[in-house]
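First up is the structure itself, then whatever we jot down about it.
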Amino acid sequence: MGLDLRICPACGERADRPVVTDSIVSCAKCGHEWPFEKLPLFALTGPSGAGKSTMGPLLADRLAGDVVVLDQDILWIGALRDDVLDFRSVWLRMAAMLHQNGRPVVLCGTVAPPEFEPLPERAFFSDIHYLALVGTPSSLRARLRARPAWREWDEERIDEMLEFNDWLRKSAPGLGVDVFDTTDVSREATADHVEKWIRARLP
């Protein structure tokens, strides 16, 4: 079995839309079937400034040996930055590949269910659990204004992120997204909440 689950280990065909039944991948060309590790993916999402990147190292320490914690911004470069759909697909393929090592991935980064759920690679996961860290507009604006210049947070971009924060708060129940407001919560208390949320959903 190869680590890229789209590629048939028997004939080498690559599937644009994988055929998956339970924990079995089938090759549409040659009919070969092979098992894979089908685990849940944890998406720690929310607007910029709500605490996702801050949680990454804390969760990696607390959940060491149980999950793999990643920050999606590490691949927000070059061609992937120009094609958001490809960016999302690459991350799902990467997470599915890492799952073959036997541990679920916690992906920290701004994403919403409509950006993951329709993708062909979604079939590689038993579930995708979403937890959104959010904040009040004033707290997020202050945090984003305080970021270093290289991160390029001008007022227009901040306003766009606050719109996303508002949309996510209102839409979360219908999207199946859990929400946690970090405005007046310490980093450690936020990490406590996120860790408990993840552990309750581990296979």
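Derivation of every value follows stated rules applied to the coordinates shown; laboratory data play no part. Everything numeric in this text was worked out from a predicted model, so none of it was measured. With ideal geometry, Cβ positions are generated from the backbone for all residues, glycine too; neighbour counts draw on all protein chains shown.
Per-structure values
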quantity	calculated
Region 121-169-region 6-58 distance, computed between alpha-carbon centres (Å)	25 Å
Antiparallel %, DSSP beta bridges [both residues in the chain], to 5	30 percent
Projected-area average for region 79-163 over all orientations - Cα convex hull basis, square nanometres	7.1 nm²
Computed over the chain, Cα set: Rg, Dmax in Å	18.0, 57
Integer Hz, Karplus 6.51/-1.76/1.60 couplings in order for region 130-135, x for Gly and Pro	10, 10, 9, 8, 10, x
Amide H contacts under 5 Å for VAL25, placed H, 5+ residues apart	TRP34, PHE36
C-alpha long axis of helix 187-199 to longest principal axis of the chain, angle in °	30 degrees
Length-normalised contact order of the chain in % [C-alpha pairs under 8 Å, at least 6 apart]	27 percent
Cβ-isolated cysteines (cut-off 4.7 Å), the chain	CYS108
VAL134 long-range amide H proximity, modeled H, under 5 Å	PHE180, ASP181, THR182
Proximal aspartates and glutamates relative to LYS196, as straight alpha-carbon distance under 20 Å, when same-chain residues fewer than 8 apart are discounted	ASP61, ASP66, ASP71, ASP127, ASP178, ASP181, ASP184, GLU188
Most mobile of LEU140, LEU75, LEU168 in a GNM of the chain (Cα contacts under 10 Å)	LEU75
Ascending count of other beta-carbon atoms within 10 Å, so fewest first, for LEU133, LEU44	LEU133, LEU44
All-pairs alpha carbon distance profile, region 97-140, 10 Å steps from 0, percent	20, 48, 21, 10, 0
Unit charges on C-beta of K, R, D, E only; dipole of the chain, Debye	320 debye
Between helix 84-99 and the chain: long-axis angle, C-alpha atoms, 0 to 90°, nearest 10	70 degrees
Aspartates and glutamates whose Cα lies under 15 Å from that of LYS29, excluding same-chain neighbours fewer than 8 positions away	GLU13, ASP16
Under 5 Å, built H, 5+ apart or other chain: amide partners of VAL68	VAL105, VAL106
Net dipole in debye of region 17-122 [+1 Lys, Arg Cβ; -1 Asp, Glu Cβ; about Cα centre; nearest 20]	80 debye
Sparse-neighbourhood loop sites, trypsin sites (Lys or Arg not before Pro) in region 150-203 - DSSP loop, at most 16 other Cβ within 10 angstrom	ARG201
Degrees between helix 155-175 axis and first principal axis of the chain (Cα, 0 to 90, nearest 10)	60 degrees
Whole-Hz ³J(HN,Hα) from phi, Karplus 6.51 cos²θ - 1.76 cosθ + 1.60, for region 58-75, glycine and proline x	5, 5, 4, 6, 5, 10, 4, x, 9, 9, 10, 9, 10, 10, 5, 5, 4, 9
